[in-house]
Amino acid sequence: MADKNGSLEKGEYVIGIAIILAALLVSATIYVGVGDLKGAIAGIKLTAPAAAAAAAGAQQAGATAGAQQPAAQAQASQGDWSWVVDAPSIGPKDAKVTVIEFADFQCPYCGIVYGLDIGGTRYDPIRGTATKIVEEYAKAGKVRFVYQPMAFLGQESVDAANAAYCAREIGGDEAFFKMHDKIFDEQKGENEGTFSKANLKKFAAEAGFNSAAMASCIDSGKYDSLVAQSTAQSNGVGVQGTPSFGVNGQILPNGAEYASLKSYVDSLLASQ
């Protein structure tokens, strides 16, 4: 995958570029199977409706209007969303609008919606989406922002999410997001040792969690089962890739695009 300066390592994706194009066009939501960003970033253009239509069919081609009409395009609520009550969050617990990000700490596109400078200008529509929602809405008391960890890229995804939960055990949701930020700041190659337990303990110490309890929690994989559960919960409400965004129990197909998500959130806030 790309490093934080935008350079690319060797490797190829097994996912067809047309499929990735379609996924980006419709929702900027992708599962990254193996390898790195070289093939994907080199070939993807966000403005390729013809290629996307050919790959995805008429239904997805028509969804290009979703950015202007996100409410109309939102998927119907499905599955059990009760876990949202106890999920790590920023903002008022009783907010009328809850925005949920579904993400894998190793997913490069999740790094982009966090704000990492990789992939070039073509990813600007999704760059920093999650951070902007936190800064402009959650910290302002307008919405509740929830981060739902998923782990599908490998053991390092599990270990990274476990480390964030370990921080939460020590310092609550504020500590969770402090570790969350540190993990994304250190994101590099997938399953190449970046999020080894040794490195995660080092990152934790650098973030201020320099304690035997934190180190022990990371080593033990104490929250591995919770990470697996959160992944299953996400799949259970219809999440098919990361990063995905949900608002008030609905998955938004254009949710990773900041303009689309902002428009939908603003419309909900105005209707209160």
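Results, tabulated for the structure shown:
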| quantity | calculated |
| --- | --- |
| Net charge over other residues, Cβ less than 14 angstrom from the Cβ of Thr129 (K, R count +1; D, E count -1) | -2 |
| Contour excess over end-to-end distance, with Cα ends at Lys222 and Thr131 and 0.36 nm allotted per residue | 30.0 nm |
| Environment charge of Ser89, counting only residues whose C-beta is closer than 13 Å and scoring Lys/Arg +1, Asp/Glu -1 | -1 |
| Segment Glu206-Gln229, length gained on full extension (0.36 nm per residue, minus Cα span) | 5.4 nm |
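A short reminder: the numbers here are calculations on the coordinates, not readings from a lab. Quick caveat, the model's predicted, so the values are computed rather than measured. As a convention, Cβ positions derive from the backbone with ideal geometry for all residues, glycine included, and neighbour counts pool all protein chains shown.
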